[in-house]
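What follows is a single structure, written as structure tokens, with notes after it.
The values are calculated or read from the model by the stated rules, or taken from the named source; none is laboratory data. The structure presented is a predicted model; accordingly, all values stated were derived computationally and were not measured. Reconstructed Cβ throughout: ideal geometry from the backbone, glycine too, with neighbour counts over all protein chains shown.
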Amino acid sequence: MNAPLDRPDRPRLVWIPGGTFTMGQEPIFESEAPNPPHPVELSPFWMGAHPITRAEYARFVEATGAPAPVSLGRAELDRPDAPVVNVSYADAVRYCAWAGGQLPTEAQWELAARGFDGRRFPWGDEPPDESRASFAQDWNRGGPSPIGAHPAGVSPFGCHDMAGNVWEWCLDAFRPDAHLERIRIGRDPCVRDATRVRPLRGGCWRSIESKLQAAYRNWSHEAARHTTIGFRLCVPMS
């Protein structure tokens, strides 16, 4: 099936088939937010094959006049083929709307990262290493790697960098109890709440190993702009 945004000024997308999968894991090592196993039904969707890069975000800035992310003058943070960072939740939402999609929900993100077979990491159950992910780097000298630099860590559907590199904003409001039936219900659930706290998924270039688990849930205030936070595009079928 052809991607709906198969154009040079848009990120590459991969197809994620719909179906019911088991979201969550038990135990999740060193997790502060619960995500016990529970069934979730999703419609098919398209997911970015990699996080949005600085070069891709720059095209959005040029086209719309949106403010460019703050640069810290470090090559590892500013290279055009690395994930864009220092973008808030609202920045990410605006880019995705311009690109014809939206941020992924937590459920969409997790399915794209681990597939239907319940693996702990995108590549399987083996622990992370330098061939699979960018993680555990020094805060002052490290930074995200170029997209696709760890092909051994690709997800079952062909998504790169879903463990390590940058945390990724998700569309939902963050609730620790999102797994409860009365909150995450029905097909294609998206948690709604008045909070301005938003989920982050996937770990980042400075995360310890446990935070790279596909079911691991993190969060931040939606106004945050940080050198460890980026995002990727999701395009639902309808």
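Structure summary
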quantity	calculated
Residue selected from the stretch 15-33 under the condition among the aromatic types (Phe, Trp, Tyr) and surrounded by fewer than 17 Cβ atoms within 10 Å (Cβ to Cβ), by the criterion farthest from residue 106 (Cα to Cα)	29
Given (1) of a type in the set (Gly, Ala, Ser); (2) over 23 Å from residue 16 (Cα atoms); (3) assigned to a helix (DSSP H, G or I), number of the condition residue 112 does not satisfy	(2)
Contacts under 8 angstrom Cβ, first residue in the stretch 199-228 being over 16 Å from residue 121 (Cβ atoms), partner acidic (Asp, Glu) and in a helix (DSSP H, G or I), 6 or more apart	199/106; 225/91
Any chance residue 36 is outside any helix (DSSP H, G or I) and loosely packed, with under 15 Cβ neighbours inside 10 Å	yes
Answer from 188, 193, 172, 177 - the residue that is in contact with a strand residue (DSSP E or B) (Cβ under 7 Å, 6 or more places away or on another chain) and surrounded by fewer than 21 Cβ atoms within 10 Å (Cβ to Cβ)	188
Any hit, the stretch 117-126, residues being in contact with a strand residue (DSSP E or B) (Cβ under 9 Å, 6 or more places away or on another chain), crowded, with 23+ Cβ neighbours inside 10 Å and closer than 20 Å to residue 20 by Cα	no
The stretch 49-98, residues that are farther than 21 Å from residue 224 by Cβ and touching a strand residue (DSSP E or B) at 6+ places or on another chain (Cβ under 8 Å)	49, 50, 80, 81
Top-ranked residue of the stretch 1-25 - restricted to ones that are touching a helix residue (DSSP H, G or I) at 6+ places or on another chain (Cβ under 7 Å) and within 20 Å of residue 58 (Cβ to Cβ), ranked as modelled with the highest pLDDT	11
